[in-house]
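Each reported figure results from applying straightforward, stated rules to the coordinates on display, with no laboratory input. Model, not experiment: these values are computed from the prediction. Quick reminder, even Gly has a Cβ in these numbers, built from the backbone with ideal geometry, and neighbours come from all protein chains shown.
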Amino acid sequence: MMEAGREIEKIGSTGRALAHVQIAIVDDGGDPLPAGTHGEICLRGPKVTQGYWKDPEKTAACFFGEWFRTGDVGYLDAEGFLYLTDRKKDMIISGGENVASSEVERVLYQLPQVAEAAVVGLPDERWGERVTAVVVLVPGCSLSFDELRAHCERRLGGFKTPKQLVVREALPRNPSGKVLKRVLRNELSGSVH
């Protein structure tokens with residue numbers, strides 16, 4: 001919950017934990033991470049679900065001990081304010097480095113030619129996953145891979161800069177408008193080398 005009067009100071013934060021809920025940021029093994037370090041957001045407390053109805057396997061997979069695994073990635077600052085950065089399933093691991101697709105997408109949206117953007121990881125023999133920008137262009141505009149790369153290199157670390165550009169007419173979406181990155185990954189994994 002965001003504290004009144006701190007919205008500007010903590011811009012980008014969702015606030016601190018509600019009463020009777022604890023938040024921890026953990027690594028892939030469930031071990032707690034220090035403030036400022038990105039990891040999976042986990043919750044515990046009497047207000048947090050105890051699991052899936054009549055599905056012990058799914059319940060076991062979504063807990064580290066008594067901590068519920070949200071599937072979201074983020075970090076806590078030194079004062080316990082939570083910042084969401086991505087969904088765990090949308091995190092790209094390229095050359096052993098974690099790349100938050102949402103961070104790269106924010107940079108892509110700074111390009112005036114880009115109407116819509118999604119960033120996915122595609123299989124790559126050398127890097128494990130290759131950061132791939134999938135964009136829908138503003139009508140009448142064009143965008144080369146070199147333009148995209150130069151723009152991103154000035155704003156992101158080299159490992160976060162897309163290694164590939166795919167231009168599409170539209171992005172696949174569910175009925176509520178959310179981009180279906182799983183569908184994009186499946187479509188592009190079979191057609192892009």
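Neighbour counting of Cβ atoms within 10 Å sorts the residues 89, 54, fewest neighbours leading, into 54, 89. Bridges between two residues of the chain, per DSSP, are antiparallel at a rate of about 90%. Short-range pairs are left out: with C-alpha atoms under 8 Å and at least six residues apart, the relative contact order of the chain is 14 percent.
What list do you get for 153, 187 if you sort them by fewest beta carbons within 10 Å?
Ascending number of Cβ neighbours within 10 Å: 153, 187.
Do the sum for the chain: with -39,500 (n - 2.57) for every DSSP H run of n ≥ 4, divided by all residues, what is the mean residue ellipticity at 222 nm, to the nearest 500 deg cm²/dmol? If you can, show how the numbers build up before the last one.
Numbers: 4 runs with 34 residues, N = 193.
So the calculated ellipticity at 222 nm is -5000 deg cm²/dmol.
Cβ crowding within 10 Å, taken as a proxy for footprinting-reagent exposure, orders 63, 68 from fewest neighbours to most as 63, 68.
Can you say what percent of the DSSP beta bridges in region 115-176, counting only those with both residues inside, are antiparallel? Round to 5.
Counting only bridges with both partners in region 115-176, antiparallel ones make up about 70 percent.
Classification of region 14-94 by its C-alpha gyration tensor yields an oblate form. The axis ratio a/c (a ≥ b ≥ c) is 1.5 or more, and b/c is at least a/b.
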